[in-house]
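Novice: Encoded as structure tokens, here's the structure I'll be asking about.
Derivation of every value follows stated rules applied to the coordinates shown; laboratory data play no part. Since we're looking at a predicted model, the values are computed, not measured. Note: ideal-geometry Cβ built from the backbone for every residue, glycine included; neighbour counts use all protein chains shown.
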Amino acid sequence: MPKARAYAAAGATTPLAPETILRRDTTDRDVRIDILFCGVCHSDIHQARNEWSTMIATTYPCVPGHEIIGRVTEVGSGVTQHKVGDLVGVGCLVDSDHDCPSCRADLEQFCPNSVFTYNAPDRHLGGVTYGGYSEQIVVDERFVLRVPGNLDPAGAAPLLCAGITTYSPMRHWGVGPGKKVGVVGLGGLGHMGVKFGDALGAHVVVFTTSSAKVEDALRLGADEVVLSTDAAAMGRHAGTFDFILDAVSAEHDLNAYIRLLGLDGNLTMVGAPEKPLPVGIFGLLFGRHSLSGSLIGGIAETQEMLDFCGEKGITADVEVIAIQQINEAYERMLRSDVKYRFSIDMASIRA
Ligand code: NAP
Ligand code: ZN
């Protein structure tokens, strides 16, 4: 079985370090991919550090990475959708049962037997799956996406998680012309939410804790920016939003955003903080507000999102790093100091 260089966390408090892993021999349905770039998602930090232990405990060594762009180097005999040399993507999912009601509805992310790209039981090799902080990966062709050739691969990598995670709820909740849409937290997910909200024709308001991001938010496509620490500025938007997407990774006050919803307005959480957040129910009763969540997106919708990005020329704003900088990158993300996604140039792993 082919060996591959990777970067792994050996425990919740240890920095990521070089590791050699095995990738399976290709089966009939498999595609082998040389990884060019892998985006760095905050979920990588949550899981490398076992912060989601009550939901998904981390098995070590943990090789994170689910924003993968690469070139196909080998295909199994039954593969029909991809060929050697294609530019392809892999997101948060690498398999499902293909047969449950969720899979039949193209919602593989809700399949009870879905397999996440890393830190999930590996049906082929035993142990757990290993993600994109690696030189190569082998994936069932049904979970491999076509990447439009006009998109810069480094900037396209984050579309595979940050992109679909913000696109999917915006489509579900009808974001478009005439809608007032909020995006909370201008990080990797948030900045994609701004780009999609703008591209879909909505009036986009960014809520940020970082005064240094105000100009960027406007450049990214926001119509207005509010410092969430400014109570008076927050108050001026009370009762006016159709939809708010919350992409914050840490504890914060949800009630401050529920208050901003108009009649039948919805607040969708995509951010996944470690600890539960208190919600005042009266804030939901008045105005028939709803609070919901959203998890990445299905494979068909991920392809739709990539094609939309190809048409509109949308990619993430990335800072390209070498894999050797990954621990520093995690610390910078925790300080909200990234504009707006790190994308690892995976050629660096052979340095
Ligand atoms: P990120 O790049 O680190 O961005 C998070 C942003 O949240 C920061 O840039 C900051 O924005 C804001 N923030 C951070 N700490 C805060 C605090 N204490 N109070 C208020 N705001 C704070 O993270 P990401 O990769 O976008 O991921 C965001 C969250 O989404 C993570 O929890 C991640 O696990 C989750 N996620 C969920 C899904 C899903 O399917 N639902 C998919 C991927 C990721 P400002 O500087 O603008 O305030
Ligand atoms: Zn992610």
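Novice: Can you tell me which lysines have their Cα less than 27 Å from the Cα of Lys312? Leave out same-chain residues fewer than eight positions away.
Specialist: Hits, sequence-local ones excluded: Lys83, Lys179, Lys180, Lys195, Lys213, Lys339.
Novice: Let me ask something additional. Largest first and to the nearest Å, give the Cα extent of region 150-266 along each principal axis.
Specialist: For region 150-266, the Cα extents along the three principal axes come out at 43, 30, 25 Å.
Novice: Here's another thing I want to ask about it. Only helices at least 15 Å long along their own axis, judged from Cα atoms, and with Kyte-Doolittle mean hydropathy of -0.5 or greater: name those in the chain from DSSP H.
Specialist: Span-like helices here: 162-172, 188-199, 299-312.
Novice: What are the radius of gyration and Dmax of the chain, computed over its Cα atoms and given in Å?
Specialist: For the chain, the Cα radius of gyration and maximum Cα-Cα distance read 19.7, 63 Å.
Novice: Nearest 500 deg cm²/dmol is fine: what mean residue ellipticity at 222 nm does the chain get from its DSSP H runs of n ≥ 4 alone, each adding -39,500 (n - 2.57), divided by its residue count?
Specialist: Taken over the chain, the calculation gives -6000 deg cm²/dmol.
Novice: On alpha-carbon atoms, Rg over Rh for region 183-332 using Kirkwood Rh?
Specialist: When Rh is taken as the Kirkwood radius, the ratio is 0.97.
Novice: Sticking with this structure for a sec: Could you name the aspartates and glutamates whose alpha carbon sits less than 18 Å from that of Lys3, not counting residues in the same chain fewer than 8 places away?
Specialist: Glu19, Asp25, Asp30, Asp34, Glu74, Asp122, Glu135
Novice: With unit charges on the beta carbon (Lys/Arg positive, Asp/Glu negative), name the residue among Ala316, Phe243, Val175 whose Cα is farthest towards the positive pole of the charge dipole of the chain.
Specialist: About the Cα centre, the residue reaching furthest to the positive side is Phe243.
Novice: Using amide H atoms built in the peptide plane, which far-off residues or other-chain residues are under 5 Å from Val128 H to H?
Specialist: Amide H to amide H, under 5 Å and 5 or more residues apart or across chains, Val128 pairs with Asp122.
Novice: Sticking with this structure for a sec: Using the Karplus curve 6.51 cos²θ - 1.76 cosθ + 1.60 with θ = phi - 60°, what ³J(HN,Hα) values do you get for each residue of region 131-144, in whole Hz, with x for Gly and Pro?
Specialist: So the J values, rounded to whole Hz, are x, x, 7, 7, 7, 8, 8, 10, 9, 3, 4, 5, 10, 10.
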